[in-house]
Amino acid sequence: MPATEAVAAPRRLEWLTATVTDVIVETPRVKSLVQDVPRWPGHRPGQHVDVRLTGEDGYQAQRSYSIASAPEAAHLTLTVERIEEGEVSPYLAGEVRPGDQFELRGPIGGYFVWTVAAQGPLFLIAGGSGIVPLMAMLRHRAAASVAVPARLIYSSRTFGDIIYRDELDRLMARRDGLEIVHTLTRSQPAGWSGGMRRIDREMVASAGFPSSQRPRTFICGPTQLVEYAASTLQELGHEASLIKTERFGPTGGVG
Amino acid sequence: MSEHADTNAPLDGNSAAGLLHELFAVDLTSANVTCVGCGTVAEIGRERAYGGAMGVVLRCVHCEAVVLRMVRTPAGCWLEMLGARNLFVPAVEG
Ligand SMILES: Cc1cc2nc3c(=O)[nH]c(=O)nc-3n(C[C@H](O)[C@H](O)[C@H](O)COP(=O)(O)OP(=O)(O)OC[C@H]3O[C@@H](n4cnc5c(N)ncnc54)[C@H](O)[C@@H]3O)c2cc1C
């Protein structure tokens, strides 16, 4: 779409059928579902989909899931964390097998979006599965080979709970201006050199960009973490309009 | 967004994107809405969202006044925007 377009082209949002082609075990509680979605219109990094499951009795349950894959990727990928006692996530992150199908609609949510055209610096803060839409941004940044300065602070419970751990290491090893700080809130392996506490003011101030650089900031994860990080950044002088948040829901103790 | 969302803890307006798309052909989450109560201008995606898959109440990020209410029922869709002075849908890149 040319930049001169008056407004976003109107588009009817329809339910599409996704077929799972691959299931990737990310952590003991998290799986990625690689999918084939005919008529998928393409997306921008940070957007999400609504997933709808229909039971044999016709009962339907609907939840939102962020898109993990970059727009450049061949397949659409969602990454789902199993919430104990949950209605939808234990199915998506537990029972789904290649060949299974479900309905989704998207991409939606043009607000929580970053593309290389928006430039940077790019400042990302994630807790637990909140990494998912931010990963789409980092994958897009790598695919576009643009060295926009970027920093990620990522809070997980334990080393084994870090989603996309190897891929994040590889992205940082490119030395193209991306820096990642991990913090582990529950337990740390021997010799751990990252953070050992919840994200706090000192961590945000030292690992982030100064407010004078006006970073585009995206914060995603459990509600409590998101609210704490966003208010801390504002106390540090960051402009509210440059901070975008995506609350996934109750804390569930993550991060 | 989730049907079971805790009504005491709002999500971001961005989570209502799918529901809003059932009525609006353009993405409303990046549209600016002006609160009648306090005059604050904010993207719909930034407002406080209370509700779930069947309906949502969006409250002003500054004064918590209701700017938009939308409810879907089997019979149809209900939209109320008494708290919104105007809506600005920006041109998008890409
Ligand atoms: C815009 C958006 C994007 C999202 N993207 C992702 C994503 O990429 N990956 C992902 O795994 N999840 C994501 N979520 C969360 C997801 O929509 C569901 O809320 C989550 O999977 C729980 O659904 P459920 O049906 O399993 O649990 P429910 O049956 O809805 O809830 C069961 C219990 O768990 C609690 N609970 C609900 N949600 C959470 C949560 N997020 N954390 C901890 N406890 C919770 C509830 O309060 C309830 O007590 C996103 C949410 C939003 C709004």
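So that you can scan it fast, the table gives a plain yes or no per residue for (1) touching a residue at least 24 places away in the same chain (Cβ under 8 Å); (2) assigned to a loop (DSSP other than H, G, I, E, B):
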site	(1), (2)
A:Gly191	no, yes
A:Ile199	yes, yes
A:Ala205	yes, no
A:Ser212	no, no
A:Thr217	yes, no
A:Gly221	yes, no
A:Leu225	yes, no
A:Tyr228	yes, no
A:Thr232	yes, no
**Prompt:** Tell me, which residue of region A:231-255 that is away from chain B (no Cβ under 12 Å), surrounded by 22 or more Cβ atoms within 10 Å (Cβ to Cβ) and at pLDDT 95 or above is nearest to the ligand (Cβ to nearest atom)?
**Reply:** A:Leu233
**Asked** Is it the case that some residue within region A:149-168 is within 16 Å of the ligand (Cβ to nearest atom), within 20 Å of A:Thr245 (Cβ to Cβ) and within 14 Å of chain B (Cβ to nearest Cβ)?
**Response** no
**Prompt:** Of the residues that make up region A:129-144, is at least one in a loop (DSSP other than H, G, I, E, B) and farther than 15 Å from A:Gly46 by Cα?
**Reply:** yes
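Looking at A:Gly177, A:Gly130, A:Gly120, which one is at pLDDT 95 or above and out of contact with any Gly (no Cβ under 6 Å at 6 or more places or on another chain)?
Answer to the check: A:Gly177.
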**Prompt:** Looking at this structure, is B:Glu3 within 16 Å of the ligand (Cβ to nearest atom), open to solvent by 20 Å² or more (accessible area, probe 1.4 Å), in contact with a Lys or Arg (Cβ under 9 Å, 6 or more places away or on another chain) and modelled with pLDDT of 95 or more?
**Reply:** no
**Message:** The conditions are (1) in contact (Cβ under 8 Å) with a residue 12 or more places away in the chain; (2) open to solvent by 10 Å² or more (accessible area, probe 1.4 Å); (3) within 14 Å of the ligand (Cβ to nearest atom); (4) not in a loop (DSSP other than H, G, I, E, B), and A:Leu33 fails exactly one of them. Which is it?
**Reply:** (2)
**Asked** Of everything in region A:90-124 that's open to solvent by less than 10 Å² (accessible area, probe 1.4 Å) and within 11 Å of the ligand (Cβ to nearest atom), which residue is farthest from the other protein chains (Cβ to nearest Cβ)?
**Response** A:Ala93
**Request:** Within region A:49-85, count every residue that is within 7 Å of the ligand (Cβ to nearest atom), touching a helix residue (DSSP H, G or I) at 6+ places or on another chain (Cβ under 7 Å) and part of a strand (DSSP E or B).
**Result:** 5
**Asked** Within region B:67-85, is even one residue on the phi > 0 side of the Ramachandran plot and either open to solvent by less than 60 Å² (accessible area, probe 1.4 Å) or within 12 Å of chain A (Cβ to nearest Cβ) (or both)?
**Response** yes
**Request:** Please tell me if A:Thr19 is more than 14 Å from every other protein chain (Cβ to nearest Cβ) and surrounded by fewer than 18 Cβ atoms within 10 Å (Cβ to Cβ).
**Result:** yes
**Request:** Confirm whether A:Arg151 is outside any loop (DSSP other than H, G, I, E, B), surrounded by fewer than 24 Cβ atoms within 10 Å (Cβ to Cβ) and not polar (S, T, N, Q).
**Result:** yes
**Prompt:** What strands (runs of 3 or more DSSP E) lie completely within region B:20-94 and have 2 or more residues being modelled with pLDDT under 95?
**Reply:** B:48-52, B:66-73, B:76-80
**Asked** For region A:153-183, which residues satisfy the criterion of being more than 17 Å from A:Glu26 (Cα to Cα) and in contact (Cβ under 8 Å) with a residue 12 or more places away in the chain?
**Response** A:Ile153, A:Arg174, A:Asp176, A:Gly177, A:Leu178, A:Glu179, A:Ile180, A:Val181, A:Thr183
**Complete:** Scanning region B:41-66 for residues that are small (Gly, Ala, Ser) and away from the ligand (no atom under 16 Å from the Cβ), the one surrounded by the most Cβ atoms within 10 Å (Cβ to Cβ) turns out to be B:Ala42
**Request:** Mind counting the residues in region B:19-40 that are surrounded by fewer than 24 Cβ atoms within 10 Å (Cβ to Cβ) and either within 7 Å of chain A (Cβ to nearest Cβ) or in contact with a Cys (Cβ under 8 Å, 6 or more places away or on another chain) (or both)?
**Result:** 10
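The values are calculated or read from the model by the stated rules, or taken from the named source; none is laboratory data. This structure is a prediction, so every number in the text was calculated from the model and none was measured. Cβ sites come from the backbone with ideal geometry, for glycine too, and all protein chains shown count toward neighbours. Ligands, DNA and RNA are excluded from the accessible area calculation, which covers all protein heavy atoms including side chains. Shrake-Rupley method; radii C 1.70, N 1.55, O 1.52, S 1.80 Å.
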